[in-house]
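Reading through the structure tokens given below for one structure.
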Amino acid sequence: MNIASKEILARLLATENVTVSHQRCQTASFNVRDRVLTLPIWDNMESDTYDHLVGHEVGHALYTPEAGWHESASKRGETYRGFLNVIEDARIEKMIQARYPGLRRSFISSYKRMLADGFFGADLETINTYGLIDRINTYFKCGRSAGVRIEKSEMPW
């Protein structure tokens with residue numbers, strides 16, 4: 001995998017000259033104020049996973065507003081921030097995949113591998129015992145076919 005060409009891909013998808021930083025970290029991130037896209041350095045990262053992480057963070061670059069985002073999350077506490085982050089991730093992933101349909105395969109393949117590798121904190125059986133917001137997160141990232149249980153009473157959420 002050619003990291004330099006992937007950096008160019010990130011800038012092209014974001015339609016701006018974002019700063020791309022590679023670091024040893026747990027996951028990718030995007031700083032909406034400073035316009036810095038941070039990508040993790042993981043051993044044996046598959047190209048699809050890299051493309052998926054770039055696509056996800058470019059989704060934040062394109063669709064997550066700077067104004068109001070951090071203020072509303074900070075004022076209401078960590079629980080609210082966690083819920084807001086999960087919903088924002090689902091929103092921007094839907095939008096980035098609609099804008100760049102070629103990314104869908106990378107998202108599907110990467111999330112399937114991440115679920116199998118325990119990236120979401122456990123195996124599927126254990127995830128199905130987690131609280132609603134963690135199950136919503138896994139459901140929207142890994143898809144309906146992943147087997148995440150959402151109870152009938154929880155469906156309105």
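The values are calculated or read from the model by the stated rules, or taken from the named source; none is laboratory data. No experiment lies behind these values; they were computed from the predicted model shown. Cβ placement follows ideal geometry from the backbone for every residue including glycine, while neighbour counts extend to all protein chains displayed. Just the protein is used for accessible areas: all its heavy atoms, side chains included, with ligands, DNA and RNA removed. Shrake-Rupley method; radii C 1.70, N 1.55, O 1.52, S 1.80 Å.
Numerical summary
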{"read-out": "Within region 91-107, tally of residues that are of a type in the set (S, T, N, Q) and either over 24 Å from Tyr63 (Cα atoms) or open to solvent by 40 Å² or more (accessible area, probe 1.4 Å) (or both)", "value": "0"}
{"read-out": "Some residue of region 79-86 being under 11 Å from the mean Cα position of the chain (by Cα) and either open to solvent by 80 Å² or more (accessible area, probe 1.4 Å) or at pLDDT 85 or above (or both)", "value": "yes"}
{"read-out": "Filter result for the condition that a residue is polar (S, T, N, Q) and surrounded by 14 or more Cβ atoms within 10 Å (Cβ to Cβ), over Ser145, Ser153, Ser110", "value": "Ser110"}
{"read-out": "Residue tally, condition open to solvent by less than 80 Å² (accessible area, probe 1.4 Å) and not in a strand (DSSP E or B), over region 35-51", "value": "9"}
{"read-out": "Residue list for region 1-31, filter: loosely packed, with under 15 Cβ neighbours inside 10 Å and either in contact with an Asp or Glu (Cβ under 9 Å, 6 or more places away or on another chain) or assigned to a loop (DSSP other than H, G, I, E, B) (or both)", "value": "Met1, Asn2, Thr15, Glu16, Asn17, Thr19, His22, Arg24, Cys25, Gln26, Thr27"}
{"read-out": "Residues of region 113-142 satisfying the condition of being hydroxyl-bearing (Ser, Thr, Tyr) and surrounded by 15 or more Cβ atoms within 10 Å (Cβ to Cβ)", "value": "Tyr130, Thr138, Tyr139"}
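Each row is one residue, and each column tells you yes or no for (1) within 26 Å of Asp43 (Cβ to Cβ); (2) in a helix (DSSP H, G or I).
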{"position": "Tyr80", "(1), (2)": "no, yes"}
{"position": "Lys112", "(1), (2)": "yes, yes"}
{"position": "Leu115", "(1), (2)": "yes, yes"}
{"position": "Ser153", "(1), (2)": "no, yes"}
{"position": "Trp157", "(1), (2)": "no, no"}
